[in-house]
Structure formats: C-alpha cells, structure tokens
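Structure record follows, encoded as structure tokens.
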Amino acid sequence: MHGRVKIKSTAQQEEEKRKEKEKKLKAFVSARDAVLKKRSAGEHDEEALQLTRQLLSSNPDFATLWNYRREVLLHLETLREKDEVQKLYESELHFIEACLKVNPKSYGCWHHRTWVNTRLPQPDWTRELGLCDRCLSLDERNFHCWDYRRVVVKASGVSVEQELQFTDRLIGSNFSNYSSWHYRSTLLPQLHPQPFHSHRVCEEQLLKEYELSHNAFFTDPNDQSAWFYYRWLLGRGVCVCVCLELLCICEDTSAHPMLCVCVCVYVCVCVCVCNLDDLHVCVCICGRSELSVEKSSVLQAELQSCNQLLELEPQNKWCLLTIILLMRALDPLGHEKETLAHFQTLKEVDPMRSTYYSDLCSKFLIENTILKMEYAEVRVFSLSNKNLTTLCHLDQLLFVTHINLSSNQLLRLPPHFAMLQCLEVLEADDNAIENLEGLYHLPKLEEVSLRNNQICKLSDLESLASCTKLTRLDLRGNPVHRTAHIESELSQLLPRVTALSL
Amino acid sequence: MARISQIEGNFQFRERSQWWSVTMLSVCVHFPGLTESVIAAACSRVGQSVLHLDRRNYYAGNWASFTFNGLLSWIEQYKQEVPITELEQVWRSLIDEGEDAVPLSALDSSISNLEVFCYARLHEVSEPKEDQHTSDISEPSQSQEEKESQLSSSPADPTVEVQKKITYQKLVKEGRRFNIDLVSKLMYSRGALVDLLIKSNVSRYAEFKNIGRILTYRNGKVEQVPCSRADVFASKQLTVVEKRMLMKFLTFCLDFEQHPEEYQDYTEKPFREFLKNKKLTENLQHFILHSIAMVTQHTLTEEGLKATQHFLRCLGRYGNTPFLFPLYGLGEIPQCFCRMCAVFGGIYCLRHSVECLVVDKVSNKVKAVIDTRGQRISCSHFVVEDSYIRDEQRQSTAYRQISRAVLITDRSVLPSESDQQISMVTIPPLESSAPAVRMVELCSSSMTCMPGTYLVHLTCSSSGKAQEDLAPVISQLFHVSTIPGEEPSEVLWVMYFNMRDTSALDSSSYSLPSNVHVCTGPDDSLCSDYSIKLAESVFHHILPDEEFCPPAPNPEDIIYDGDGPQAKGPGFDESTNTECLESSQE
C-alpha cells in the first residue's frame, strides 16, 4: 500500500541485534584478555583503570577486575598529592554509581564503594546517604544498600533519632518492609531505653509503637512484618537463672554423664548436663512464657485491640496467634478454654501449618498442667485425652513420679524423656507411639502401660532393658504381639518383668 | 513543542499548497480537539493523507492550553467574536451540477458566560497608603464585584504582606510560564488514554507527573482521602477499626464480580445505600462515594462498584494515586497526536477553515470541501467538531453545559510538607441541588504556572452559569477578600466560563452524509476515555480493516528509499509521491 512508512522486519531487526551482540562480545573478550595480561605483568597505570572501567561498566560483577582496580588505585595513591587523591577517588565514586545503575545488587560495586570511602581523604557522607535513599526508594529491599547504609551511618555518626525518622518514612511509604521494622527495633532501645533494662524500650514509647503496629495490622492483617514487630514489642521471655540447690539424683555415675538438676528462682528449672569435675559449664534450657511480663494492664489493652480485630477478621491467623500469646502472658489457666478454641480455628484456616499449631498447643497444655501441679504441690502429672502431639518441658517434671499421657496423639517418647529420673509409673495408652527411645536408664521406673500403640518390633523395646526396676509392662493392642516367639524373646530381653500383658 | 509542530505543519502546507488543492485527500479533519487529533494521527499512521484545518491560530480547539498572555488574548477574541460575512458568492460558483452544498457554521458558540476577576494588585506598592488607589485597576475585564473587592482590600500588615504578594503585573510578565487548559482532566493510569499513548508510542512526545494526593472537602475543611494502602496506614483521621473496614471494602471491590452475593440485593438501589448497608462509618461513606468512586448520590450499586474498582486498579501503577497529569498541561496531549500525524505526513493549516461541504446528490456523500479562500479540496472523509455544525443539520440539540473556573492562587488549598504536589480535590454538592465539583490544583513543577503560584481548575456539570455554580465553592475553599481590613486574598485571578458538553449526542443527532464524522467536544468526566473511545470508533468507521494506532516504529528501524533532498522525515517522501489515494476502497 502506498503512503506507508517502510520499516525493517523483525527478522532484519533481530539479525542486526545479533550482529551487534557479537561485536560487543568480541570487544569484551579482547579487552578482558588485555586487562588480565596487564595484571599478570604487574602494570598499575591509568590505562588499566581505563580498561577495567570499560569492562566493569558493562559487567559490574567481575570481581577480579575490582580487585585489580584497587591494586592500581593503591599504587596511584602513593604517587599523587592529597588533592589529586581526593579527585581520583571521587571520580571512582561516580563510576561506581554508573555501575550500580547497571546492577543495583552487585556485590562487587557495593564492596568497592565501601572500600573507596575508607581511602577517601574527605568522604562526603551526606552524599552517600542520599545515594542510599535513592537506591532504597527504587528497591526498598536491596539488602546490599541496607548494609552499605549501616556502614555510612556508623562512619558519619548520624544520630539515632534521625535514623528512627528514616524508618518512619520508609514504613510510611510501605509498611510491608521488614527491613525497616527490624531496623527500628534496633534503634528504639538505644533512643528510649527502659530504666534498669537497657535492652528494652521504655513504656511511653512502647505505647506509641503499639499504636503504629495497630495501624499496620488493622490496615492489612495479612502482612506479617507488623505482626512480627508487634510480638517483639510485647517482649520475648527473658529468664535469669540463679542456682539455689544442687541435687544429685543419679546413682550410676559410670553409665552416662552425671545428670544434675538446679532448681532456680521463678519456678524455672534448668537442667545442666555436666561432668563431675567440670561443674561450672552449664547448659541452661529455660523460659516458659513467650511474652515477658509487661504490665498486665498494657497487655490487657492490647488483648482488647486484637479481639476487636478478630471480630472484624475472624479468620486471620496472625491475629489468632497473637491473641493466644497475649492470653498466655496474662492468665494461661483462665484463658485455657478460649485458647483451645482459637487453636482449633487456626488449624482450620491455616491447614498447611496444622501440625505446628498442634505442637504449640501441646506445649501450652503441658505448661498449664505444670502450673496446676505446682499449685497443688503434687508429683503426679496427668494429661490424658488432650490431643497432645509432642512432649516438651520435661525438664520441669524431674520430680514427677506418676505420668499419665493416655489418649493423645503422641508418636514417640523422645530421648529427653530420660530426664524423668524419679518416674515410677508411666501410662501412655491409646497413642500412636512407635518409638521408646526415652525409656532409658530410668532407675525408678516400675510400671509401664502402652496399650493400643504402634510398637511393631521387638527391637523397639530394647531400651527398656536399661530400666532396672521395671516389673510391670502392658503391651496389649500393639502390632508387636504378632511377632513370632514374642513372649520368650521378651522374657529374655526383660527378665525382671514379672507382669507382662500382650 | 507547540511551536515546533506548528512550524512543521505550516511548512508542509506551504510546500505543497498547490498540490493538495488539486489532489484528493482521504481524510479532512476540521477543528481538531483530542478526538479529532487522535483520528488524524491514526489515519495518517496507516498511510492515509490527512489535512488538518483550523479556523483558530492555536492547536487543539477547546482542548487547548494557553500561556497567561495567550489566555488574555483568547478572552479578548471571545469578547469581540462576530460572525464573519459569508463568501457565499465565491463558493456557489465552485459547485458543479449534481452536487449540493452544505455550509458549515462560522461561529463557535461552545464557550459562553465568560467572566474574569482579578484580585491581585496591579503593581508593587511601596507606600501602603496608596495601596487602595492603585489596587483597583485590573485587566482585562472589570466587573462590578471585582471593583468592589479591589477597592475594599486593605492589608492588615501592609509592609510585610504587600512585598510578598504577587502582582498582576508579575503574572503578565511571567505569563509564559503558565499553561492554562480550557479542559481540566486527569489521566487514569490504566485508562484508555494512557493505554493508547503507550500502545502508539505517542507517549514519547510528552512527560507526566503523578498526582500526589487526593483531597476532599468535608465538614467545612479540606482533608486528605486515604485511598492507597500507605495512605490508610498513615491516616490520622481514621480509627483502626475504620482502617480495617475501609481496606476490607476496597479489597472486596477489587474483585467484586467474584462475590455477587454481597451486592445482588442492591443492583437496583443506589451505591450510597449499599455503602450504608455495609456498616461503613459516615467518614468512610463520604470517602468512597465522593472521592474514590466519584459518583453521585443516585448512582446504582454496580456502577459505583465498577468505578471503585477502576480507581483501585489504577493505584500503584505510577505511584500512590491513580492519576497522571501531562507536564505543560492537558493541551499537550492533542498536540502529541498532531505531531504523530505530522510525522506520518499529515498537513496542518491554522487560521483556515472550511466554508461548506460539497455533497454528491446521487450517493449522498461528501466528495469535496470548499475553504474560506474559495479553494475546492477533494476528500473522501470529513471529520468535524460538533461546534461547526449548523442548526439546520441537527436532529437534536440536547446538549449540556460544563461549568469551569480557573484560579491562580498563591498558596495550596491544604499546605503540606511538599509544596510541589498536584492535588485532586472532590467537593460534594454543597446543597442537594448543586452539582459535585471536581478541583485540580496544579503546582509550578507541573509546568503550568509560575513558581510561587498554584493553578486551580474547577469543573462541574452546569446547573446555571459557571460563576453561579462555582463561586460558592471557591468562597468556601479559598480566602477571597471582600471585607475591609482583611488580609489580601490568596486568590489572585479567577476566570469563569461555560463550555458546551455535546458528549450525549451521536451520529443520529445529525442529518449529514455518511462520510461526515462529527466528533463531540470534551465531556464533563474526569478522564478522557470517552473521547478516545469515540476516536477509535470513528477510525474503524472510516477504515474498518486497519489497526488503530499501531506502535510507531523507532527512527532507526525506518527504511529511507527515496534519496531526494526532500527526504527529511518519515512519511514525507511517500506522501508526496502519492497521487490518488485508494481510500475510496471502503
């Protein structure tokens, strides 16, 4: 048709592009070879800078070239006046900026920039901060830039206050930026420390921060950044352990390392595994509550806010989970029923993590039972028919003599079950236990009931042989009874068991 | 840019004036507004020869953008406009047998009720005492109110205030820094116009700025509308529960079609009632109805949901609000398309218009036009703006009016940290009978006004004269000095006018030959989608088998086969060689 502008066809265009590319590659390869040759010849001149410049501006991730450039710069530095050195490095900074435009996440570029700033006689930190701001406004998750920024802030002594305002700005433009929230959490304790606890934030500021997180999670309750920050605000459990009493309950010192128990303040119990001659090396496992004991009035108010959100968003998992944690911090026993209901909802709305929730729920139930037990001052621990999936805090049950774990969903008695050195009677009927590793060297264990579990092989029962006082064993309803000659094999394995039910 | 393309156009015209007077054109476009410019560009792009005629001495018709001085002379022209004596004798002789003549209107009556008021002092005043005497002189038009207001203005703190105030003299001196649009619209970042600009590569001829914030007038004050996620998070006027309700509602609107159960009971009821039923607080109802959906009290639910959805889909593409604005004013957009048209061989001719159409009696089609200089130009299609159509050719005259006000102010309606933001302000009806007003405040970095000033556009569908519609709103939002002893007005200059809105008309509204395509003028909506869609449909009517505005090729991909000295630009050579264009093929 007449009157039309004729344009090149796609094939033509592609052919041209291909040729262009080929030409470029050829030029790149020859320049690269020239540079590497120069380097091995130990030449440190302007030409080397020029050549590496060309190569790096098209491929800033060529680390060898940056190294070579540093060698050249260090050499040139010795030959020049201070003014000239300043100029030399300033032009280097400009060059790096151009490279960053090619790849804003180039390790080489950022590293080189940090290095240049250490060599620069008079570094211009304001300009560097400006550069970081620009980079972060383009990509707020560029962790190279975050790292570099931290270096700049440290070197130039930007006040914590200014930095906090910086996080305000970033969070304001996009609150799904976890980097900014996290940065905030490192700044706050510096700026508003709590009296006597310098790692915590003072209450006045905390209230402001609570409000900020409310704004974030009410706006978008599915965004986890704010929830994580919120949980940090509410505080993680912090335990101070003081050893009061050293109690040796292990009789057989030759069989395994000495097991000692320290009873600590705040009913926290720590287990220290150590050698006799090396008592001061302790490993502490402690901390029961997820949230530290803030003023309960504050926590109560926070619980109210979260409940308000839950009314609007009954399916929100972050909200449910936070409520559970708040309830636990406030009154674990009083809120037990609600907590269980929330766990049920959680499992429904977030089935991908249902096992995690079950484990967490088990943990809380065990904690509650321990609490009740402590109030009652008994040495019987009973937690049957509670859908337990895991056992934890066994370290806090060291003096227990009777345990009832029947009708749960336990799959195993884990190795640390062996800590229950005072245990005499274990009831664990109607679970799905197939592994008895934890029933090992329990010196006082006399009676074990494992009816209707999943014990299949005789070898699974081998650990029981180390429990020397075991006389009564109930294995009814386990697949193991189908094994040939089971009775004789068992009496051989466990000669002291007198009452065996299969 | 305006100047360049004008020269380009005139140059081509002069070069080939002899040529086009004897050849046949495929498309003749008359009085190019946005729609006509897009049609012209689209036709020219696919190889049609296009002649663009305009009686005016500027581009883009009612879509034009003026410097302050340009606007003042436009006002002068408007005041003086008289019907030009028709040269009937001349063109009568050019009509052959078997042909009919359809004369076009020579008078443009699309603008009416123009009023201008100046509140700025004429000169810098050194002696505060003389202030009252010198300040009452204003140009270009003086009305009763204006004189009163000027006489009465006496600053509270003259020595300080007077120095700071921008004078009328200064406005005129810096006049070329202004780009004042007759039509005020924004571009939805996923609207038809933006899509077309991207698709056709015309976007390369312009630059854009994001609208920084969306404001609304509520309970006697201007406040920011939280519309994006970041806005909602940062908003201080919403409670956290409101934040959740708003976000929840907006999230629902994003894919409301997936949840018909939520709104099916309300399809026949107004959107307003639906919002109420959703238990949204009054705050939120206001924001959604007036500022996000931007619909009226009577709009039905589904339409309201669609409008909300469109708004939300446009968010985040180019920033935190859904809108873009072209630097140097909206008038740039028609010019960009004119440029594209010219690049592909379109011919431009200003101060030159068509006197009448020559219609073939047998086929009832336009075969030529006769211009004001008595030349007969053959063409196979004629595209014309509605205002050129005489009443005799109209079947219906049911058009509406748009009320417009243009203000120059010296401070923002809601000052904030940054004084370089474009703000869009939605003002719900002040009384139930009044129309909702849309206001756009442009800052100087949008290249539409001088530094230190803001250019404010108000638009609404008319219920009366522009001044009657808009003056109450202006007095609510701005400080206009009328009472003695008060500090000087923040409004420096105001212009009111009404523009005809013919968007309700369609081809059935005219009794014209089928190859005459009438384009209606700008409508009163916020975006230009209506005009773009109209352009596309006219284009497909003219050239049913051609693609509408395919991407323009990059300059390096163009093959120049004509090596003559005239080969200056793409499309130039081809079109000069074209003798008879085969557009009659349709």
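Taking one quarter of the surface of the convex hull spanned by the alpha-carbon atoms of the range A:417-490 gives a direction-averaged projected area of 4.2 nm². Around the amide H of B:LYS365, modelled in the peptide plane, lie the amide H atoms of B:ASP360, all under 5 Å away and 5 or more residues distant in sequence or on another chain. Near the amide H of B:CYS356, within less than 5 Å, lie the amide hydrogens of B:LEU104, B:ILE370, all on another chain or at least 5 residues away, with H placed in the peptide plane.
Using 0.36 nm per residue, how much length does the chain from A:GLU71 to A:THR10 gain when fully extended, once their Cα-Cα distance is taken away? Intermediate values should be presented prior to the final figure.
On the way: separation 61, 0.36 × 61 = 21.96 nm, distance 4.62 nm.
Net length gain for the segment: 17.3 nm.
Using the alpha carbons alone, the radius of gyration of the range B:431-512 stands to its Kirkwood radius in an Rg to Rh ratio of 1.10.
I need the semi-axes of the equivalent ellipsoid of the range A:360-502: take the C-alpha gyration tensor, multiply each eigenvalue by 5, square-root it, list largest first in whole angstrom.
On the way: eigenvalues 133, 53, 27 Å².
With the √(5λ) rule applied to the range A:360-502, the semi-axes are 26, 16, 12 Å.
Listed values for the range B:369-374 are Karplus-derived 3J(HN,Hα) couplings in whole Hz (6.51 cos²θ - 1.76 cosθ + 1.60, θ = phi - 60°), namely 10, 10, 8, 5, 9, x, and x replaces Gly and Pro.
Rounded to the nearest 10 degrees, the inclination of helix A:143-156 to the longest alpha-carbon principal axis of chain A is 80 degrees. Normalised by residue count, the range B:185-319 yields a Cα convex hull volume of 123 Å³ per residue.
Can you work out the FRET efficiency for the pair A:SER354 and A:ARG134, with r the C-beta to C-beta distance and R0 = 51 Å, to the nearest 0.05?
Details: r = 45 Å, r/R0 = 0.88.
Working from the Cβ atoms, E equals 0.70.
With only alpha-carbon pairs counted, each pair once and no self-pairs, how large is the Kirkwood hydrodynamic radius of the range A:360-407 in angstroms?
One over the average 1/r among Cα pairs gives 10.8 Å for the range A:360-407.
Could you compute the FRET efficiency for A:GLU20 and B:ILE559, with r as their C-beta to C-beta distance and R0 at 25 Å, rounded to 0.05? My answer for the efficiency is 0.90. Here the Debye sum runs over all C-alpha atoms of the range A:327-430 as equal scatterers in vacuum, and log10 of I(q)/I(0) at q = 0.13, 0.14 Å⁻¹ comes out as -0.48, -0.55. Take the Cα of A:VAL102, step 7 Å toward its Cβ, do the same at B:GLU303, and the gap between the two points is 5.7 nm.
What net charge do the residues around B:ARG500 carry, taking every other residue with its C-beta under 12 Å from that of B:ARG500, with Lys and Arg at +1 and Asp and Glu at -1? Before the final figure, lay out the partial values.
Working: positive: B:ARG400, B:ARG404; negative: B:ASP108, B:GLU385, B:ASP386, B:ASP501, B:ASP523, B:ASP524.
Net local charge, B:ARG500 excluded: -4.
What is the Cα convex hull volume of the range B:169-256 when expressed per residue in Å³?
Working: hull volume 16.9 nm³, N = 88.
That works out to 192 Å³ per residue.
Seen against the Cα atoms of chain A and their longest principal axis, helix A:82-102 is set at about 70 degrees. For the range B:238-250, the Karplus equation 6.51 cos²θ - 1.76 cosθ + 1.60, evaluated at θ = phi - 60°, returns couplings of 9, 7, 4, 5, 5, 4, 5, 5, 5, 4, 5, 5, 5 Hz by residue, with Gly and Pro reported as x.
Among B:LYS236/B:LYS279; B:LYS278/B:LYS306; A:LYS363/B:LYS248; A:LYS347/B:LYS278, which pairs are too far apart, with a Cα-Cα distance over 24 Å?
Numbers: B:LYS236/B:LYS279 21 Å; B:LYS278/B:LYS306 17 Å; A:LYS363/B:LYS248 34 Å; A:LYS347/B:LYS278 29 Å.
A:LYS363/B:LYS248; A:LYS347/B:LYS278, as the Cα separations exceed 24 Å there.
Relative to the compact-globule scaling 2.2 N^0.38 Å, provide the ratio for the alpha-carbon radius of gyration of the range B:345-488.
Values: Rg = 22.9 Å, N = 144, 2.2 N^0.38 = 14.5 Å.
Taking the Cα Rg and dividing by 2.2 N^0.38 Å, one obtains 1.58.
A Cα-only calculation for the range B:306-358 places Rg and Dmax at 18.1, 52 Å.
For the range A:1-127, the equivalent ellipsoid built from the Cα gyration tensor has semi-axes of 37, 19, 12 Å, listed from largest to smallest.
Which whole-number percent of Cα pairs in chain A have a distance greater than 30 Å? Provide the component values of the computation, followed by the final result.
Working: 83889 of 125751 pairs.
In whole percent, the share of Cα-Cα pairs in chain A beyond 30 Å is 67.
Convex hull over the alpha-carbon atoms of the range A:382-433: what's its volume per residue in Å³?
Details: hull volume 3.3 nm³, N = 52.
Expressed per residue, the convex hull around the Cα atoms of the range A:382-433 is 64 Å³.
Near B:ARG394, the amide H atoms lying under 5 Å from its own belong to B:SER511; only residues 5 or more places off or on other chains count, and H is placed 1.01 Å from N. To the nearest µm²/s, what D does Stokes-Einstein give for the range A:87-244 at 4 °C and 1.567 mPa s, using the Kirkwood radius over alpha carbon pairs as Rh? D, rounded to a whole number, is 74 µm²/s.
Bear in mind these aren't lab numbers, they're just calculated from the coordinates by the rules spelled out. What you see is a predicted model, and the numbers here were worked out from it, not measured in a lab. Methodologically, a virtual Cβ is constructed for each residue, glycine included, from the backbone with ideal geometry; neighbour enumeration extends over all protein chains shown.
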